[in-house]
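First up is the structure itself, then whatever we jot down about it.
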Amino acid sequence: MAANKIQIHQHCVNELNSRMMAATEALATLRESVTADTKSSMGDKYETGREMANQEMQKLQATMHETKQSLLQLNSIDVAKTCLQASQGALVVTDKMVFYMAAPLGKVNVEGQAVMVISFQSPVGKAMLGKLAGETFTLNAVAYRIDSVC
């Protein structure tokens, strides 16, 4: 395997920090836009635009909240700890894919290695939780064999 758990973890932290920065910048830009708008003679159009901007701000705030929660999950992991079973903070290598049980981030590429970063509460996380190397689990009628856990 090309990437190790520490590299994967740091990549995830960097990714989430980038997402947070992008959402913060987009929110600031949107707030500026709303503040700069002045009510014109097209009252209904102005109100519709303002409402759309408010909805977009709510979406960005929700994204920021989810990103903060994921960062908290990542920061609670001791990456130096070796896991013996699939659990929070474990890097699980299967015959089909590599999983990092850390936060709901999705597929990332680290050092040319595709890694699925998941929460242990996700369906795949629940299916493999507590499993050891050599054991199998099934998800959506697909069987996975765990080659290693660290």
What's the ranking of 7-16, 78-87 by average number of surrounding C-beta atoms within 10 Å, highest first? 7-16, 78-87
Of [x] -0.59, -1.16, -1.53; [y] -0.65, -0.98, -1.22; [z] -0.55, -1.06, -1.42, the label for log10 I(q)/I(0) by the Debye sum over Cα atoms at q = 0.13, 0.18, 0.21 Å⁻¹ derived from the coordinates: [y]
Go through 122-135, 94-107 and give me the packing order, highest mean Cβ count within 10 Å leading. 94-107, 122-135
Gain on full stretching of the segment that runs from T29 to D147 - 0.36 nm per residue minus C-alpha separation: 37.8 nm
So, in nm, how far is label K126 from label Q7 when the simple model puts each one 7 Å beyond its Cα toward the Cβ? 3.4
Distance (nanometres) between label positions extended 7 Å along Cα→Cβ at M57 and A36: 1.6
So, in nm, how far is label N140 from label T48 when the simple model puts each one 7 Å beyond its Cα toward the Cβ? 3.9
Given backbone amide H placed at 1.01 Å from N, residues whose amide H is under 5 Å from that of L139, ignoring those fewer than 5 places away on the same chain, are Y144
Given H placed on each backbone N at 1.01 Å, which residues far from D147 in sequence or on other chains put an amide H within less than 5 Å of it? V93, T94, D95, G134
Phi-derived 3J(HN,Hα) across the range 13-18 with the Karplus relation (6.51, -1.76, 1.60, θ = phi - 60°), rounded Hz, x for Gly and Pro, is 4, 4, 4, 5, 5, 5
Summed side-chain charge close to G106 - residues other than G106 whose Cβ falls under 15 Å, Lys, Arg +1, Asp, Glu -1: 0
With x for Gly and Pro, the residue-by-residue ³J(HN,Hα) of the range 120-129, computed from phi through the Karplus equation 6.51 cos²θ - 1.76 cosθ + 1.60 at θ = phi - 60° and given in whole Hz, is 5, 8, 6, x, 5, x, 5, 5, 9, 3
What residues have an amide H closer than 5 Å to that of V98, excluding those fewer than 5 places away on the same chain, when H is modeled at 1.01 Å from N in the peptide plane? M116
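Here, each number is a calculation from the coordinates, and none is a lab measurement. Bear in mind the structure is a predicted one, so any value in this text is a computation, not a measurement. Cβ coordinates were reconstructed from backbone atoms using ideal geometry, including for glycine residues, and neighbour counts include every protein chain displayed.
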